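FYI, it's all coordinate maths here, none of it is from the lab. Computed from a predicted structure; not experimentally measured. Glycine also receives a Cβ, built like all others from the backbone with ideal geometry; neighbour counts cover every protein chain displayed.
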Amino acid sequence: MASLPKDLSDALDSVLGRFAPADMTRSVQNLIQQYREGFDPADTVLGSEIDVAAYAGYRMPATFAAISTALRHTAEMAPGFAPRTHVDVGGGTGTAIWAATGIWPSLESVAVLEQAPKAIALGKRLAKRAESPAVRDARWEQAVIRGTVTKPPADLVTMSYVLNELPPDTQEGVVRSLAAQARMVVLVEPGTPAGYARISAARDVLIDQGLSVVAPCPHDHVCPIPRDRDWCHFSVRLNRSALHRQIKVGTLGFEDEKFSYVAASAQPWARAANRVLRHPLKRKGLVSMRLCTGGEGVTDEIVSKRHGDAYRMARDVSWGDEWPPSTGDGSEE
Ligand SMILES: C[S@@+](CC[C@H](N)C(=O)[O-])C[C@H]1O[C@@H](n2cnc3c(N)ncnc32)[C@H](O)[C@@H]1O
């Protein structure tokens, strides 16, 4: 079960504490409706202070968990990658910079590009309370992405939950420009068929730009998942904070955030042999896994007790993991 790091959780409690929960609840309902009905790119999202506070309380924990999981999988596949510089595009209140510094403490210099001034203001207030000096000293730049992104060279470039808000005919150009002068690009979208379709199209663009896929795919071939029947996505379970439960009336103490992602690197890394595409079915003496493989498309594999060590490893494997787990020797391909 994922939970927020203490500094981010304390920052949210303290910065959001001055807003009335009833006002945030109203804003959350509006946000949910906006996300459900889709965006008119002419809409101002996160235009008011209370909408930004509601977004931070209601969505930051979930996007943090999804981004952290995608970055952790990326780091597992690129064990020698120790980024010093990071640019987060459409960064909102800064979720990805908290997640990235949690995965790569090597980060020293961080920039957030974001269009909404109120999101930048709240993001800065949160960031002041971070343990990481890179997050505390992050540069926040008000920038509206149109056809391309103008950004400084960076070891790591992230864009999470943003493609959905850009006009479809600009998405390819935006992704192409993210890849320029970047060592690693990581994109995250909601784990819906539409989110996956955007990630899949972005993956094609990144490959076309000369990057190699690091995660989740164990290959750079055409995605073998049949579009009309399935979509590549992952899930992370997270604790709902007291604040979250207050502003979004729900009975459960946890939620499952579904997400799709792609990470691609300018230099190739040794690949996963396979990626686990669903919750493995674990029964007495048997583990059954659906896998995306390096060369044979999507296959189902059953590991039983008689496989010895493989069975013991399979007992611990989760949806989204590489299979079999690699030892991570730090080598480039
Ligand atoms: C759903 S929020 C995601 C925020 C953050 N990346 C996260 O993962 O929590 C989408 C963000 O994209 C920003 N955004 C949308 N369109 C944009 C554009 N054309 N230029 C810059 N930022 C944009 C919004 O202002 C908002 O902060």
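Rg and Dmax of segment 274-323, both derived from C-alpha coordinates alone, stand at 10.1, 30 Å. Seen from a random direction on average, the alpha-carbon convex hull of the chain projects onto 16.6 square nanometres. Ranked by the mean number of other Cβ atoms within 10 Å per residue, highest first, peptides 54-62, 272-280 order as 54-62, 272-280.
Show which lysines lie in cross-link reach of residue 305 when reach means a straight Cα distance below 23 angstrom and same-chain residues fewer than eight apart are skipped. Residue 305 reaches 282, 284. Segment 1-79 and segment 141-192 have their alpha-carbon centroids 19 Å apart. Each peptide among 14-21, 315-322, 178-185 gets the average number of other Cβ atoms lying within 10 Å of its residues, and from highest to lowest they stand as 178-185, 315-322, 14-21. Averaged over residues, the count of other Cβ atoms within 10 Å places the peptides 158-166, 100-108 in the sequence 158-166, 100-108, highest first. Let me have the 222 nm mean residue ellipticity of the chain computed from DSSP H runs of 4+ only, each contributing -39500 (n - 2.57), with the sum over all residues rounded to the nearest 500. Computed mean residue ellipticity for the chain: -11000 deg cm²/dmol.
To the nearest ten degrees, helix 21-37 and the longest principal axis of the Cα atoms of the chain are 50 degrees apart. Largest GNM mean-square fluctuation among 283, 240, 312, using the chain with Cα springs under 10 Å: 283. Scaling the Cα radius of gyration of segment 1-122 by the globular reference 2.2 N^0.38 Å produces a ratio of 1.12. Please label the shape of segment 147-198 as rounded, prolate or oblate, based on the square roots a ≥ b ≥ c of the eigenvalues of the alpha-carbon gyration tensor (a/c under 1.5 means rounded; beyond that, a/b larger than b/c means prolate, else oblate). Oblate, since a/c reaches 1.5 and b/c is not below a/b.
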